[in-house]
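Following: one structure in structure tokens, then a few remarks.
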């Protein structure tokens, strides 16, 4: 049960609005990642304060701990974690391939051993839908096969075929009211991407994701694949580019008609001491911040930037205080939400191109601060 | 520069009010510990929301990192850490003895090697005052010699003598306006405690602490020492029992006329998964909480208890999410502030004895939850 409406377009860029069981989401949106039922270091109230309207959690992790039946008994994931807003759950396919010890993949499903205790499990398309329904996800994802980059053509072909087969079974298994998204695969082969998109759209699903990108391939390749796939997806359904997190990639994909994004970048980089600011990236441990009484990002009005100096933030990281990773995470999640609201406003005003040129003229993707990394 | 007024007494228990450079503090008070310039896992805004009006930071740690001159250049510690309220700094004497590699103690001072990089330093009474003045502490503590428990009489005697000598030098070194507290030592020897108290009160300092207790000695011994010392301290000066943190110890010491407390208990136990609640202590990892949809403490209105179930809090600890330690720390600090406000209200109403009987009839100091600790 969901509605998705395109409110405005600006060339291919789209301004949209979801109504989901747990609330409204404005697109283009960036979904912070809360893998295990927590956006790392942040309270749900803090996540909401950043402006985030939807987060991504993970089926694989929550199935293992605390278990989907336990979450269901608690009233569903959104209530369990005190978020009380929309949640998209990834199917766990990616984690089965990347994190667990994968023992066997057949058309039946993916057999794996838990990365926690080595216990054996089988993810079938049907089970993955059942788990996400028990979690009460606002948006559930089909089980897919996501090959690494680079991958040879026969493997990519097989993954496309299996992903289609599994999507069909996921669609058949779902309860009425489950908002199930398909995932387009095809690695970096244009014809396989097109084949996957055409096959999945036949299932008439409420939304489509583009998976298997942002895995290390050149940006031009990413954008080329996104452009080809987006052109084949129905214009009235949301489009979700999985794993895209760099601001320049998000802007490029919005330009190609993508509506939804998720990435661990703001949270993971925040924890390890890298902040995203208007001019690029800041490595807060750098000794050049030791006596800097200025804000992390003077253009930002998040709690971190309003309340603390770079000197203090650096101190927290240097001495290993948990508050440091938390304050940088909060800022980064805020930064990405501000980016998305900037994008939405620009589309609404029909000025996305000039807005993004202006943003990118200030923001230097590769810009890490000068000077030696220095922990003393 | 401070004023301290006793507003009300109830037998020996005292209701008081500080005016300090960074704000007002109501006593009896519990000071959360922010050793390195951060109450671990909490933002200053969260610490303030618990009702805490003053925190304790540490001279030893801040001298080593980021350095007191750096903090001074940033406008003082309270501003540097975004707290903007009163701070008491411990002298670092305790840390030099317990944490650093102590190389030599003479009447001149304590020579030690940093626990971080092995660098050599000498803490003299004069330097310790100078550091605390640079930090801009609302209350500075004298350098003292704090022997462990148990300790033989000659060592305890020498520590009393040196503590007096150093207090004298701290007093002479301080700038006008520095609120310097003396620290009574004497281990568990009644006559040495009395000798130390008499010697220090001759210095006419604005406040006095009782150090060298809560180090593992029986509670009856602690209370006996506190009673003897408190009887000798001037009634118009604040009294601070260093390191006392168990609710039953705080209540016992308030009954003996103590005004100020600090301890790592709420923060450290919160990080490791133990919560203080109205009935005693809860080990949140225990499997009996796995499906408990109730609040950690139904009688508590902190953010943690208002927003999350025991089942979710347990999940966070079991999977190792940073939000777990933070939410339990927040609750524990809140619990201790609620304890202190209960104590203050009871004294104000002249009902401290009945209030504390009632509190202690519910609260079981030793009560850990039944059942096996179970992380699965």
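The values are calculated or read from the model by the stated rules, or taken from the named source; none is laboratory data. What you are looking at is a predicted structure, and each value in this text was computed from that prediction instead of being measured. Methodologically, a virtual Cβ is constructed for each residue, glycine included, from the backbone with ideal geometry; neighbour enumeration extends over all protein chains shown.
Checking the conditions here, which among B:203, B:213, B:241 is in contact with a helix residue (DSSP H, G or I) (Cβ under 8 Å, 6 or more places away or on another chain), at pLDDT 95 or above and under 25 Å from residue B:134 (Cβ atoms)?
Values: B:213 fails: under 25 Å from residue B:134 (Cβ atoms); B:241 fails: under 25 Å from residue B:134 (Cβ atoms).
Of B:203, B:213, B:241, the one residue that is in contact with a helix residue (DSSP H, G or I) (Cβ under 8 Å, 6 or more places away or on another chain), at pLDDT 95 or above and under 25 Å from residue B:134 (Cβ atoms) is B:203.
Could we say that residue B:297 is within 11 Å of another protein chain (Cβ to nearest Cβ), part of a loop (DSSP other than H, G, I, E, B) and touching a helix residue (DSSP H, G or I) at 6+ places or on another chain (Cβ under 6 Å) here?
Details: within 11 Å of another protein chain (Cβ to nearest Cβ): no; part of a loop (DSSP other than H, G, I, E, B): yes; touching a helix residue (DSSP H, G or I) at 6+ places or on another chain (Cβ under 6 Å): yes.
No; evaluated as a whole, the condition is false for this residue.
So which residues in the range A:358-374 are surrounded by fewer than 11 Cβ atoms within 10 Å (Cβ to Cβ) and modelled with pLDDT of 50 or more? Outline the logic, then answer.
From the range A:358-374, those surrounded by fewer than 11 Cβ atoms within 10 Å (Cβ to Cβ) are A:361, A:366, A:370, A:372; that's our starting set.
A:361, A:366 - these are the residues of the range A:358-374 that are surrounded by fewer than 11 Cβ atoms within 10 Å (Cβ to Cβ) and modelled with pLDDT of 50 or more.
Can you name every residue in the range A:135-154 that is in contact (Cβ under 8 Å) with a residue 12 or more places away in the chain and out of contact with any strand residue (DSSP E or B) (no Cβ under 9 Å at 6 or more places or on another chain)? Walk me through how you get there before you give the answer.
Just the residues of the range A:135-154 that are in contact (Cβ under 8 Å) with a residue 12 or more places away in the chain, to begin with: A:135-151, A:153.
Result: A:147, A:148, A:149, A:150, A:151, A:153.
For every residue, the table says whether it meets (1) buried (at least 24 other Cβ atoms within 10 Å of the Cβ); (2) part of a helix (DSSP H, G or I); (3) on the phi > 0 side of the Ramachandran plot.
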{"residue": "B:137", "(1), (2), (3)": "yes, no, no"}
{"residue": "B:154", "(1), (2), (3)": "no, yes, no"}
{"residue": "B:166", "(1), (2), (3)": "yes, yes, no"}
{"residue": "B:169", "(1), (2), (3)": "no, yes, no"}
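For the range A:245-260, check the following and say yes or no: at least one residue is within 30 Å of residue B:63 (Cβ to Cβ) and either within 13 Å of chain B (Cβ to nearest Cβ) or within 14 Å of the chain's Cα centre (by Cα) (or both). Working first, answer last.
We begin by selecting, within the range A:245-260, every residue within 30 Å of residue B:63 (Cβ to Cβ); these are none.
Scanning the range A:245-260 turns up no residue that is within 30 Å of residue B:63 (Cβ to Cβ) and either within 13 Å of chain B (Cβ to nearest Cβ) or within 14 Å of the chain's Cα centre (by Cα) (or both).
Of all helices (runs of 4 or more DSSP H) completely enclosed by the range A:190-284, which ones contain at least 2 residues that are surrounded by fewer than 18 Cβ atoms within 10 Å (Cβ to Cβ)?
On the way: elements: A:190-201, A:219-232, A:247-255, A:265-272.
Where helices (runs of 4 or more DSSP H) fall fully within the range A:190-284 and carry at least 2 residues being surrounded by fewer than 18 Cβ atoms within 10 Å (Cβ to Cβ), they are A:190-201, A:219-232, A:265-272.
For the subset of the range A:304-347 comprising residues that are more than 7 Å from chain B (Cβ to nearest Cβ), in contact (Cβ under 8 Å) with a residue 24 or more places away in the chain and more than 28 Å from residue A:244 (Cβ to Cβ), which member is surrounded by the fewest Cβ atoms within 10 Å (Cβ to Cβ)?
The residue in question is A:310.
Tell me yes or no: at least one residue of the range A:55-78 is assigned to a loop (DSSP other than H, G, I, E, B), more than 12 Å from chain B (Cβ to nearest Cβ), surrounded by 20 or more Cβ atoms within 10 Å (Cβ to Cβ) and within 15 Å of the chain's Cα centre (by Cα).
no
Condition first: within 12 Å of chain B (Cβ to nearest Cβ) and either surrounded by fewer than 24 Cβ atoms within 10 Å (Cβ to Cβ) or over 14 Å from residue A:36 (Cβ atoms) (or both). Now tell me which residues in the range A:79-95 satisfy that.
Initially, the range A:79-95 is screened for residues within 12 Å of chain B (Cβ to nearest Cβ), giving A:79-84.
Hits for the range A:79-95 are A:79, A:82, A:84.
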